[in-house]
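The values are calculated or read from the model by the stated rules, or taken from the named source; none is laboratory data. In this text, all values refer to a predicted model and were calculated from it rather than measured experimentally. Glycine also receives a Cβ, built like all others from the backbone with ideal geometry; neighbour counts cover every protein chain displayed. Heavy atoms of the whole protein, side chains included, go into the accessibility calculation; ligands, DNA and RNA do not. Shrake-Rupley method; radii C 1.70, N 1.55, O 1.52, S 1.80 Å.
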Amino acid sequence: MTARIPLVAQWSFSQLLFSPRTAGMAILATTPVLMALVYRAAVALELAAQTSSFGVFSILTAAVSLPFVAPMLTLFYASGVVIDDAEAGTLHYFLTRPFARRDLLVGKMLGNLMIVMFLFVPPFVLCYYLTLAGSGWQELGSRFPTLVRDLMAASLGIFAYSGLFSLAGTVLKRPLLFGLFFVFGWQAAASIVPGAIRYLTVTHYMHSLMPHESFQSSLAGLIGQRSSGLEAVVALLAIGTATHALAVWIFTKKEL
Amino acid sequence: MKKSRWILTLAIGAVVAGLGIGAIAYVGSSGVEAQSPAPPATMEWMPAGASVVGHVDLTSLFNSPFREAWEQALEARGSSGELAEFRETTGLDPLNDFYRLSFAVVTSDDPSDSDSNASAPRGRPTPENWGVSIQGAFDAPSLLTKLREFADVETEDYQGTTIYYPVRRWDDAGDEDAAPVGIGDKPALAFLGSDTLVMGDRHYIRQMLDTGQGRAPSAVAALNQNWGEDTFLNDTFWISAAPEQGFGGVLPQGGQIPPIQSLAISGRLDADVALRARGLAANLDSAIKLAEVVRGFVALGSLQQGGNADIRSVLDSVQIDQFENAVELSLSVPYETLERLSAHADNPADDN
């Protein structure tokens, strides 16, 4: 890694942080927090049971944060890693700067990852405390390994999605459409189709790492076993590394 | 860029603080495991080594919306008179005077251990000893007076506590009837202070007294050792067992289902009825497989019960979590849903 990469990443992060896109993405990222607040209000008004706090956190994680918020945040940033600058006409300007194409793309992808993690992780941790706050210190402590495991699954999943969508952003003219199809079409269908096709999804490996359950993963469980934790970690790292590397290689070779 | 660096630092700091608090809580919760939560008082009398141990917080149960339903059911069945007679005979109001109840059952795999179990097939777990501890508002002298109206009562002093053995009873005409009172082999009872009554087999009640008075180990220690800090001891009701002993092979055990070493079913009555079933598998791999099997059953149930909205809502609320070698299934059911399901079970034709 050259010294240029952190510089590009930092610059890219600061540009994205104050962009109008981030304002919209912040709303998406805080959706689980808003839902947790609604739950806390329902508990305060005695409309919901305090005992189901961990269940609420499980639902928010298994049905909202990991299968929806994480891929959407990643898609909206990673898919634009090249195309945004190409459309704005600033790409050629960057390419005239005195650093390698590889450093530019790696730095930008790193900046994208930083902004996605910045938007995803703090609300997710806040959501944990909001839902379980009323259950007492012991419950908070005993469920903490679940939070750590969820964060690990989310981080690895975001890394894998980031690679896939960055690759799409480098190769395709309409990477957003590809990403939406991949998340809501391909993954949704492949996870419930018998056979080995589910191994070609990111969500299969994320579900394998998650200690929670959703209806879709229950259905998938009927059709095929989850992967082991180690397999899931290796697969997500491999997908992320390979796709990021491929995106960089294509970008360095591409005629722009 | 300086501003964004500050914002990023702040966010990282907040996340680290959040994770740090959780880590401290995690470490701390292991430390308080041995001290809290305090087990229910009636559990103090349950000896270690029981195959099945359970507890019911009767105060919570009788103050829940279930009470109204039970009273209506008793009235509908014409049993309210029996309840009134019980109140008159014993001076006890079962719906108000009993606070909590714990019970323990010891099973044996060898029927030859007990003559009364000789008809049971060899190897099938059969109840060998049992004991119940009830906390409530008892008037011991009046209860004993009432008891003596129906039975001869022998007494024994055991370590400073009087154990009562009702051994015979008379029919309405006053003739002697040789049949022993109660369940099993000569049940006995003892009053402990003004608010606790223990009942059980002759030998087991001595074990219960030894346990309660600190001369023998309690089942609570074994439960804490099995189930760790996330205990259910203070739930409204719970039952814990080693399935191969306690449930007599009722639970499915086979090549597809990893063996469960311990099983606990517990419930809390709050705004909804929150139920949890937890199984301890032998190791991590078995637990992962067990969780998969349970998930499969739940998903299958969801698909099959598509027509019944209540059952579907119950199944939708099911959460399955796996931590190390423990698998936990939890669900939350509103009282109204339970009532409708109960009515449906009584009159399945109504649904058609």
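Which numbered condition in (1) within 21 Å of B:Gly267 (Cβ to Cβ); (2) over 24 Å from the mean Cα position of the chain (by Cα); (3) surrounded by 17 or more Cβ atoms within 10 Å (Cβ to Cβ) is the only one that B:Arg295 fails?
All conditions pass for B:Arg295, except number (1).
How about region A:111-135: which of its residues are more than 20 Å from the chain's Cα centre (by Cα), open to solvent by 10 Å² or more (accessible area, probe 1.4 Å) and more than 10 Å from chain B (Cβ to nearest Cβ)?
Restricting attention to region A:111-135, the residues satisfying the condition of being more than 20 Å from the chain's Cα centre (by Cα) are A:129-135.
Right, trim to open to solvent by 10 Å² or more (accessible area, probe 1.4 Å) and you get A:129-130, A:133-135.
A:Leu130, A:Ala133, A:Gly134, A:Ser135 - these are the residues of region A:111-135 that are more than 20 Å from the chain's Cα centre (by Cα), open to solvent by 10 Å² or more (accessible area, probe 1.4 Å) and more than 10 Å from chain B (Cβ to nearest Cβ).
Restricting attention to region A:36-68, and to residues there that are free of Cβ contacts under 8 Å to residues at least 60 places away in the same chain and away from every other protein chain (no Cβ under 11 Å), which single residue is nearest to the chain's Cα centre (by Cα)?
A:Phe68
Please indicate, with yes or no, whether at least one residue in region A:90-110 is at pLDDT 80 or above, farther than 30 Å from A:Leu45 by Cα and among the small types (Gly, Ala, Ser).
Yes; the residues of region A:90-110 include at least one that is at pLDDT 80 or above, farther than 30 Å from A:Leu45 by Cα and among the small types (Gly, Ala, Ser).
Out of (1) open to solvent by less than 40 Å² (accessible area, probe 1.4 Å); (2) under 22 Å from B:Tyr26 (Cβ atoms), the odd one out for A:Gln138 is which?
Result: A:Gln138 fails condition (1) only.
Starting from residues that are within 20 Å of the chain's Cα centre (by Cα) and farther than 22 Å from B:Asn224 by Cβ, keep the ones in region B:235-292 and report whichever is modelled with the highest pLDDT.
B:Val273
Answer yes or no as to whether A:Pro175 is within 24 Å of A:Gly229 (Cβ to Cβ) and not aliphatic (A, V, I, L, M). Let's see the steps before the verdict.
Working: within 24 Å of A:Gly229 (Cβ to Cβ): no; not aliphatic (A, V, I, L, M): yes.
No, not satisfied.
Which residue is farthest from the other protein chains (Cβ to nearest Cβ), if the candidates are limited to region A:1-10 and must be in a helix (DSSP H, G or I) and either among the aliphatic types (A, V, I, L, M) or open to solvent by less than 90 Å² (accessible area, probe 1.4 Å) (or both)? Steps first, answer last, please.
Going residue by residue through region A:1-10, those that are in a helix (DSSP H, G or I) are A:4-10.
If we keep only those that are either among the aliphatic types (A, V, I, L, M) or open to solvent by less than 90 Å² (accessible area, probe 1.4 Å) (or both) as well, we get A:5-10.
Details: A:Ile5: 15, A:Pro6: 12, A:Leu7: 10, A:Val8: 12, A:Ala9: 11, A:Gln10: 6 Å.
Ranking the qualifying residues of region A:1-10, first place goes to A:Ile5.
Conditions (1) at negative phi; (2) within 9 Å of another protein chain (Cβ to nearest Cβ), marked per residue:
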| residue | (1), (2) |
| --- | --- |
| B:Ser286 | yes, no |
| B:Glu292 | yes, yes |
| B:Gly296 | yes, yes |
| B:Val314 | yes, no |
| B:Val318 | yes, yes |
| B:Glu324 | no, yes |
| B:Val327 | yes, no |
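Name, by its number, the condition in (1) crowded, with 21+ Cβ neighbours inside 10 Å; (2) within 17 Å of B:Asp321 (Cα to Cα) that does not hold for A:Arg149.
(1)
Here is a yes/no grid of residues against (1) of a type in the set (Lys, Arg); (2) under 15 Å from the mean Cα position of the chain (by Cα); (3) over 30 Å from A:Thr252 (Cβ atoms):
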{"residue": "A:Ile158", "(1), (2), (3)": "no, yes, no"}
{"residue": "A:Phe165", "(1), (2), (3)": "no, yes, no"}
{"residue": "A:Pro194", "(1), (2), (3)": "no, no, yes"}
{"residue": "A:Arg198", "(1), (2), (3)": "yes, no, yes"}
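Which condition from (1) in contact with a helix residue (DSSP H, G or I) (Cβ under 6 Å, 6 or more places away or on another chain); (2) farther than 16 Å from A:Cys127 by Cα; (3) open to solvent by 30 Å² or more (accessible area, probe 1.4 Å) is the one that A:Met25 breaks?
Every condition holds for A:Met25 apart from (3).
Report yes if some residue within region A:100-109 is among the hydrophobic types (A, V, I, L, M, F, W, C), within 19 Å of A:Ser208 (Cβ to Cβ), more than 12 Å from chain B (Cβ to nearest Cβ) and under 18 Å from the mean Cα position of the chain (by Cα); otherwise report no. Give the derivation first.
Looking only at region A:100-109, we keep the residues that are among the hydrophobic types (A, V, I, L, M, F, W, C), and these are A:100, A:104-106, A:109.
Filter again for within 19 Å of A:Ser208 (Cβ to Cβ), leaving none.
No: region A:100-109 contains no residue that is among the hydrophobic types (A, V, I, L, M, F, W, C), within 19 Å of A:Ser208 (Cβ to Cβ), more than 12 Å from chain B (Cβ to nearest Cβ) and under 18 Å from the mean Cα position of the chain (by Cα).
Residue by residue, here is whether (1) modelled with pLDDT of 75 or more; (2) within 12 Å of chain A (Cβ to nearest Cβ); (3) in a helix (DSSP H, G or I); (4) closer than 23 Å to A:Glu139 by Cβ holds:
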| residue | (1), (2), (3), (4) |
| --- | --- |
| B:Ser4 | yes, yes, yes, no |
| B:Leu8 | yes, yes, yes, no |
| B:Ala17 | yes, yes, yes, yes |
| B:Gly20 | yes, yes, yes, yes |
| B:Ala25 | yes, yes, yes, yes |
| B:Ala50 | yes, no, no, no |
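If B:Ser286 satisfies all but one of (1) in a helix (DSSP H, G or I); (2) touching a residue at least 40 places away in the same chain (Cβ under 8 Å), what's the number of the condition it fails?
If we test B:Ser286 against (1) in a helix (DSSP H, G or I); (2) touching a residue at least 40 places away in the same chain (Cβ under 8 Å), just (2) comes out false.
Could you tell me which numbered condition A:Phe76 fails, if it satisfies all but one of (1) without any contact (Cβ under 8 Å) to a residue 24 or more places away in the chain; (2) of a type outside the set (A, V, I, L, M); (3) open to solvent by 40 Å² or more (accessible area, probe 1.4 Å)?
(1)
Out of (1) more than 28 Å from A:Leu230 (Cβ to Cβ); (2) at pLDDT 80 or above, what's the single condition that is false for B:Gly306?
The number of the failed condition is (2).
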